[in-house]
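Student: Handing you a structure now.
The values are calculated or read from the model by the stated rules, or taken from the named source; none is laboratory data. None of these values were measured; they are calculated from a predicted model. Don't worry about glycine lacking a Cβ; one is built from the backbone with ideal geometry, like all the others, and counts go over all protein chains shown.
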Amino acid sequence: MTNFFVLCILSFIKWLKVEESGVFYGEYLHVLDEKNRIIIPSRFRKNIKDEGIDKFYITRGLDECLFMFSETDWKVYEKKFKEMSFTKKEVRRFNRLFFSGAIDVVPDKQWRILLPDYLKEYAQLNKNIVFVGVSNRIELWDKDKWNSFYDESKQSYEQIAEEIIDI
């Protein structure tokens, strides 16, 4: 019983240390216009307003998508990455790619954001883009790439859950 109590307290303390928000859920298809602008999905807008988010950071993500963080969450990750030892080659490599690709964006009055060519090229974004809400971040995917990722991943969803989730 004592071990269980200690585990519960440690889990609670770990949970308290999580500073990131968790406001983005779902998949939404949008179209990139001729000026490389895309409209943030309306489902995200209410949460953005409620959370008081004014600025986002977009950078190279994993699996050939883009990551989009609120300014608050960006600062949390930036702090974590700064704490990693720069004497390690892979840390330097990751930080260079992650931070050199980053831009800050503020949605305009129509809730559009501008994607620079280098990020568009990195994620191989075409006209149809899927916004994927992943709790504390938004991922931007080319529609065909997202569909391929989803089709490949859904087959092993339960197996992945068994391997990574310990409730």
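Student: In a helix (DSSP H, G or I), under 18 Å from Val23 (Cβ atoms) and within 13 Å of the chain's Cα centre (by Cα): which single residue out of Tyr57, Tyr77 fits that description?
Tutor: Tyr77
Student: Report every pair of residues separated by at least 6 positions or lying on different chains whose Cβ atoms are under 8 Å apart, first residue within the range 19-31 and under 8 Å from Phe131 (Cα atoms), second modelled with pLDDT of 95 or more and basic (Lys, Arg).
Tutor: From residues that are under 8 Å from Phe131 (Cα atoms), the pairs are Leu29/Lys143.
To keep it simple, each residue is scored yes or no on (1) at pLDDT 95 or above; (2) charged (D, E, K, R).
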| position | (1), (2) |
| --- | --- |
| Phe12 | no, no |
| Val23 | no, no |
| Asp33 | yes, yes |
| Ile39 | yes, no |
| Lys46 | no, yes |
| Gly52 | no, no |
| Met68 | yes, no |
| Glu71 | yes, yes |
| Ser85 | no, no |
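Student: Are any of the residues in the range 144-154 in contact with a Lys or Arg (Cβ under 9 Å, 6 or more places away or on another chain), on the phi < 0 side of the Ramachandran plot and of a type outside the set (Lys, Arg)? Break it down into steps so the answer makes sense when it comes.
Tutor: As a first pass, look at the range 144-154 and keep what is in contact with a Lys or Arg (Cβ under 9 Å, 6 or more places away or on another chain): none.
No, the range 144-154 has no match at all.
Yes or no, residue by residue, for (1) under 18 Å from Tyr28 (Cβ atoms); (2) in contact (Cβ under 8 Å) with a residue 40 or more places away in the chain:
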{"position": "Phe56", "(1), (2)": "yes, yes"}
{"position": "Lys109", "(1), (2)": "no, no"}
{"position": "Arg112", "(1), (2)": "yes, yes"}
{"position": "Leu119", "(1), (2)": "no, yes"}
{"position": "Gln124", "(1), (2)": "no, yes"}
{"position": "Phe131", "(1), (2)": "yes, yes"}
{"position": "Lys145", "(1), (2)": "yes, yes"}
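Student: What's the total number of residues in the range 80-96 that are touching a helix residue (DSSP H, G or I) at 6+ places or on another chain (Cβ under 9 Å), part of a helix (DSSP H, G or I) and surrounded by 13 or more Cβ atoms within 10 Å (Cβ to Cβ)?
Tutor: 4
Student: I've got another one for you. Which residues, taken from the range 30-54, are closer than 19 Å to Asp117 by Cβ and in a loop (DSSP other than H, G, I, E, B)?
Tutor: Within the range 30-54, Leu32, Asp33, Glu34, Lys35, Asn36 qualify.
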